[in-house]
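The values are calculated or read from the model by the stated rules, or taken from the named source; none is laboratory data. Source: prediction; values computed, not measured. Glycine also receives a Cβ, built like all others from the backbone with ideal geometry; neighbour counts cover every protein chain displayed. These accessible areas exclude ligands, DNA and RNA; they are computed on the full protein's heavy atoms, side chains included. Shrake-Rupley method; radii C 1.70, N 1.55, O 1.52, S 1.80 Å.
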Amino acid sequence: MSDVDKMILEHFVPFREKVVDAIQAKHPYFVSMIEHVLSGKRNRLGLRVTENGQVVGEYTFELNGIRIKHTEIGKIDPEVHHPVLGILKPCILIERAAVEKAINDPLFMDEPFKAISKLLPNITITFLS
């Protein structure tokens, strides 16, 4: 397991769950709405981590609602079942430095939407075919 894999499994996944908790505490209706749309389906998100433009890690997150249920390393196999748009295959592309910066940013726990909006310029979302 690479150091990027360890960072994702040991730091990013627990961090993301804490961010979900923070959003749920501040915006319970928002989380409830998303849970309703995503629950009961086998949804997966893809993540590619890059360093200096080169891919250094690929991950598939299997979700239980909006919570991460399982992480698969070395594979991108996204599939989100949307009630209107059908099956989408979202893959997030982000630089390792941006992931590390986010994990260490306390703003995510205090003002999650403000922190997320600061991170958005460092994220590219693509849809696989």
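Restricting to region 89-117, give me the number of residues that are outside any helix (DSSP H, G or I), more than 15 Å from the chain's Cα centre (by Cα) and either surrounded by 12 or more Cβ atoms within 10 Å (Cβ to Cβ) or among the aliphatic types (A, V, I, L, M) (or both).
Initial filter on region 89-117 (outside any helix (DSSP H, G or I)): 89-95, 104-106, 111.
The next check asks that each one be more than 15 Å from the chain's Cα centre (by Cα); those that pass are 104-106, 111.
If we keep only those that are either surrounded by 12 or more Cβ atoms within 10 Å (Cβ to Cβ) or among the aliphatic types (A, V, I, L, M) (or both) too, we end up with 105, 111.
Qualifying residue count, region 89-117: 2.
Can you confirm whether region 25-35 contains a residue that is open to solvent by 30 Å² or more (accessible area, probe 1.4 Å) and modelled with pLDDT of 95 or more?
The first filter runs over region 25-35 and keeps only residues open to solvent by 30 Å² or more (accessible area, probe 1.4 Å), leaving 25-30, 32-35.
Subset that is modelled with pLDDT of 95 or more: none.
Checked against the condition, which is being open to solvent by 30 Å² or more (accessible area, probe 1.4 Å) and modelled with pLDDT of 95 or more, region 25-35 yields no hits at all.
Residue by residue through region 53-88, note down the ones that are open to solvent by less than 30 Å² (accessible area, probe 1.4 Å), over 18 Å from Thr126 (Cα atoms) and of a type in the set (S, T, N, Q).
Listed by number, the list holds a single entry, Thr71.
Looking at (1) under 21 Å from Leu38 (Cα atoms); (2) within 14 Å of the chain's Cα centre (by Cα); (3) free of Cβ contacts under 8 Å to residues at least 24 places away in the same chain, find the lone condition where Leu120 falls short.
Evaluating Leu120 over (1) under 21 Å from Leu38 (Cα atoms); (2) within 14 Å of the chain's Cα centre (by Cα); (3) free of Cβ contacts under 8 Å to residues at least 24 places away in the same chain leaves (1) as the failure.
So Ala22 clears everything in (1) under 23 Å from Ile87 (Cβ atoms); (2) modelled with pLDDT under 95; (3) crowded, with 16+ Cβ neighbours inside 10 Å except one condition, right? Which one?
(1)
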